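Report on one structure; see the data block that follows.
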Amino acid sequence: MSDSDSFIEEVNDEVRRDRLYGYIREYGWIAVLAVVLLVGGAAYSEWRAAQERAAAQATGDAILSALELEEAEARVEALDAIPSDDPGARAIAGLMQSAAALDAGGTEEAADALQAMANTPDLPDHYRELAILKRAILLSGSLTPEARIEMLGPLTAPGAPYALLAGEQIALAEAEQGDTDAAISRLRAILDEEGVSAGLRRRASQLIVALGGDLSAS
């Protein structure tokens, strides 16, 4: 390379450096801002996660403390007083509150706690549907078969998490109505479903026989 070519190359390098420094002076704040936002966002996310963990732990501790109370009425009051922004935690507290009320002999209070869960729109569907199912079972001695069938009907939709258990309860209500054919047909449909638990299969089979049905036809 000649001296003139070397000189030109050095000039070009210097121009590129000057141009790069100019870009940095003009637009460098963007890179700095991006770094600040990235670091700040990570710090905020970690802070939020820590806050959520602390809240979940506090709720869990409150539930455990309530369950350790000897008197059922005291457990009901303690569980009812637990505040929580987490729907899952509220659902667990509601189920335990219902159980505590039932232990205290308050069937209506237990049913009311389940109804409150079922009426809470921001709870996940599987919690609300579980509350409906448990309430229908809890009040099976006081609700008419028609009322229970109407209550449980929506829970039997295809893919619903408690469709088979709700179907079992509807079959019991149909049997109470004297519609044994409908009850047996529904129970046979349950037996034909995949993934039926051993307990449900046993109960359905026993009920079919008790209603005068034939298991060989299922």
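Each value in this text was obtained by applying a stated rule to the coordinates, not by laboratory testing. Because the structure is a prediction, the values reported are computed rather than measured. Cβ coordinates were reconstructed from backbone atoms using ideal geometry, including for glycine residues, and neighbour counts include every protein chain displayed.
Near Ser142: Cβ cut-off under 12 Å, other residues only, Lys/Arg at +1 and Asp/Glu at -1. The net charge is +1. Electrostatic tally near Gln115: other residues with Cβ closer than 12 Å to its Cβ, Lys and Arg +1, Asp and Glu -1, net 0. Taking a Cβ cut-off of under 13 Å around Ile184, the surrounding Lys, Arg, Asp and Glu residues balance to a net charge of -4, with basic ones at +1 and acidic ones at -1. Here the Karplus relation 6.51 cos²θ - 1.76 cosθ + 1.60, evaluated at θ = phi - 60°, turns the backbone of the range 174-189 into coupling constants of 5, 5, 5, 6, x, 8, 5, 4, 5, 5, 5, 4, 5, 5, 5, 5 Hz, with x for every Gly and Pro. Across the range 103-111, rounded Karplus estimates of 3J(HN,Hα) from the backbone phi angles (6.51 cos²θ - 1.76 cosθ + 1.60, θ = phi - 60°) give 4, 7, x, x, 4, 5, 5, 5, 5 Hz, Gly and Pro being marked x. For the modelled label position 7 Å from the Cα of Gln115 along Cα-to-Cβ, which residues of the range 125-142 have backbone nitrogen atoms closer than 17 Å? Residues passing the 17 Å test: 128-142.
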